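Below: one structure, written as structure tokens.
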Amino acid sequence: MTRRTLLAATALSASRVRGANEKVNVTLIGLGGRGRDHANFYAQVAAANIAGICDVNQAARERGVALVEKLTGRKPKEYSDMRQVFDDKSVDAVSMATPNHWHALGTIWACQAGKDVYCEKPASHNIFEGRQMIAAARKYGRMVQVGSQSRSIAHKIEAIRMLREGVIGKVYLAKGLCYKRRKSIGRKPDLPTPPAGVDWNTFLGPAPLRPFNENRFAYNWHWFWDTGNGDIGNQGVHEMDIARWGLGKSELPKSVYSFGGKFIYDDDQETPNTQTAIFDYGDAQMEFEVRGLITPEEGKLAIRGGNTVGNIFFGSEGVLVVDLMGYQVYKGEEQTKVMDVRYKEPRAWDTAPHMANFVEAVKSRKTAELHAEIEIGAGAAALCHMANISYRLGRKLAFDPKLMRFIGDAEANRMITREYRRPYVVPEKV
């Protein structure tokens with residue numbers, strides 16, 4: 001029996017329907033700020049048991065163990081390498097809060113090992129990876145949920161339903177805003193060795209091998225092309241997903257044009273702090289804006305804590321705006337406010353319902369029950385990747401959504417994937 005056949009057999013044997021009272025053993029992979037959020041949220045999900053934690057940073061593991069013990073009264077297993085998690089037959093599912101460049105390979109390995117996966121957004125680091133994640137979920141029959149928690153937020157579900165029902169007529173434009181204040185990360189020197197307890201080689205994984213730099217570690221990895229996708233693929237991917245959800249688009253657009261730059265700051269950041277992207281769907285348009293600098297502009301979306309983050313939908317009869325605090329509807333030429341609905345959750349931005357949805361699908365084995373199944377998450381991420389490719393090349397790009405390739409642009413098509421560092425290679429055949 002080959003290893004691939006063995007993995008397939010393992011995945012099949014794990015696809016049982018669990019009893020109503022049986023808990024799902026979840027191991028958390030990545031214990032940075034978002035990973036610690038995962039611990040807090042899963043502790044609220046009655047059907048989940050936080051069985052283990054995994055991180056390449058010893059200090060993060062120690063903090064993770066202490067947090068889980070405090071939340072649950074039980075000490076979780078500790079792993080330093082996610083491959084150890086996948087080899088552990090007692091693990092039912094993994095919840096990944098790693099940097100973006102690890103999302104795809106970690107998810108594929110987990111699927112091959114018979115584990116279900118909750119993966120933070122964006123689903124992938126590039127377009128190719130999203131396709132491979134979908135293929136792995138299908139081949140091994142796994143539940144794979146992406147952390148687009150808006151799909152489980154009651155007032156956002158209601159707002160999208162109203163768009164479908166024609167509350168503002170025919171929607172012709174969806175606009176997502178990510179005006180989120182980001183201060184300069186400054187400049188940090190490369191160091192000859194990483195800090196004690198940090199497995200820097202494994203942290204880099206599929207990315208090129210580079211000297212340890214504090215700015216490339218912890219949260220700031222978001223702002224380097226090797227490991228992150230900028231704020232359009234960080235906070236922005238949430239609003240990108242809501243925009244396509246509201247437009248009712250599951251396919252990718254026929255063209256993209258993105259422009260902007262990194263303004264004001266002289267620091268190590270590679271990704272833009274100001275970016276605009278325009279997507280052409282033929283019968284509708286999608287626009288997206290990222291601004292990390294001081295931005296008082298708000299339109300019909302409120303400024304909350306110095307940030308303006310949300311979506312505006314324009315229709316033949318009015319406008320609908322939605323953010324974490326609720327939604328509003330304006331009608332007619334005078335833009336009269338006819339509806340102002342506050343959020344209906346216990347808290348305005350809560351991931352626990354999204355994780356509870358994932359755990360219930362793990363138990364039922366019904367992919368259709370997932371609110372943000374991998375195909376949904378990969379599609380939202382692909383929009384971000386399309387925009388970043390256009391931005392980096394400095395030109396408008398035509399796209400064939402059926403072939404999933406740019407038209408007549410070899411340079412753009414090379415950026416659909418990346419050059420992987422062995423042995424951390426996202427495979428052509430999963």
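The values are calculated or read from the model by the stated rules, or taken from the named source; none is laboratory data. All values reported here derive from a predicted model rather than from experimental measurement. Please note: Cβ atoms are built from the backbone with ideal geometry, for glycine as well, and neighbour counts cover all protein chains shown.
Odds and ends about this structure:
- Selected residue (only one of ILE407, ILE416 is of a type outside the set (D, E, K, R) and more than 30 Å from HIS38 (Cβ to Cβ)): ILE407
- Tally, over segment 148-168, of residues that are out of contact with any His (no Cβ under 7 Å at 6 or more places or on another chain) and outside any helix (DSSP H, G or I): 5
- Taking the listed residues ALA59, ALA93, ALA97, ALA104, the one that is touching a residue at least 60 places away in the same chain (Cβ under 8 Å), under 21 Å from the mean Cα position of the chain (by Cα) and more than 25 Å from SER364 (Cβ to Cβ) is ALA104, with no other qualifying.
- Condition met for ARG182 (within 19 Å of GLY310 (Cβ to Cβ) and without any contact (Cβ under 8 Å) to a residue 12 or more places away in the chain): no
- Residues of segment 1-39 satisfying the condition of being among the polar types (S, T, N, Q) and modelled with pLDDT of 95 or more: ASN25, THR27
- Residue in segment 215-233 that is under 26 Å from HIS103 (Cβ atoms) and at pLDDT below 95 present: yes
- Within segment 359-378, if we keep just the residues that are of a type outside the set (A, V, I, L, M) and under 19 Å from ILE242 (Cα atoms), the residue that is surrounded by the most Cβ atoms within 10 Å (Cβ to Cβ) turns out to be GLY377.
- Looking only at residues of segment 169-195 that are aliphatic (A, V, I, L, M) and surrounded by 20 or more Cβ atoms within 10 Å (Cβ to Cβ), we find that the one that is farthest from VAL237 (Cα to Cα) is VAL171.
- Taking every residue in segment 199-217 that is assigned by TED's automatic domain parsing to the domain that holds LEU31 and pairing it with any residue that is assigned to a loop (DSSP other than H, G, I, E, B) and at pLDDT 95 or above, at least 6 positions away or on another chain, yields no pair with a Cβ-Cβ distance below 9 Å.
- Helices (runs of 4 or more DSSP H) lying entirely in segment 33-138 (those with 1 or more residues that are closer than 21 Å to TYR420 by Cβ): 82-87, 103-112
- Verdict on ALA159 being under 29 Å from VAL359 (Cβ atoms) and either surrounded by fewer than 24 Cβ atoms within 10 Å (Cβ to Cβ) or touching a strand residue (DSSP E or B) at 6+ places or on another chain (Cβ under 6 Å) (or both): yes
- Pick from segment 196-221, criterion crowded, with 18+ Cβ neighbours inside 10 Å and of a type in the set (A, V, I, L, M), ranking: farthest from ILE242 (Cα to Cα): VAL198
- Pairs where the first residue, in segment 302-315, is touching a residue at least 60 places away in the same chain (Cβ under 8 Å) and in the same structural domain as ARG164 (by TED's automatic domain parsing) and the second is part of a loop (DSSP other than H, G, I, E, B) and β-branched (Val, Ile, Thr), C-beta under 7 Å, 6+ apart: THR308/THR295; PHE313/ILE168; GLY315/ILE168
- The set of residues in segment 87-122 being under 19 Å from ASP55 (Cα atoms) and of a type in the set (Gly, Ala, Ser) consists of SER90, ALA93, SER95, ALA97, ALA104, GLY106, ALA110, ALA113.
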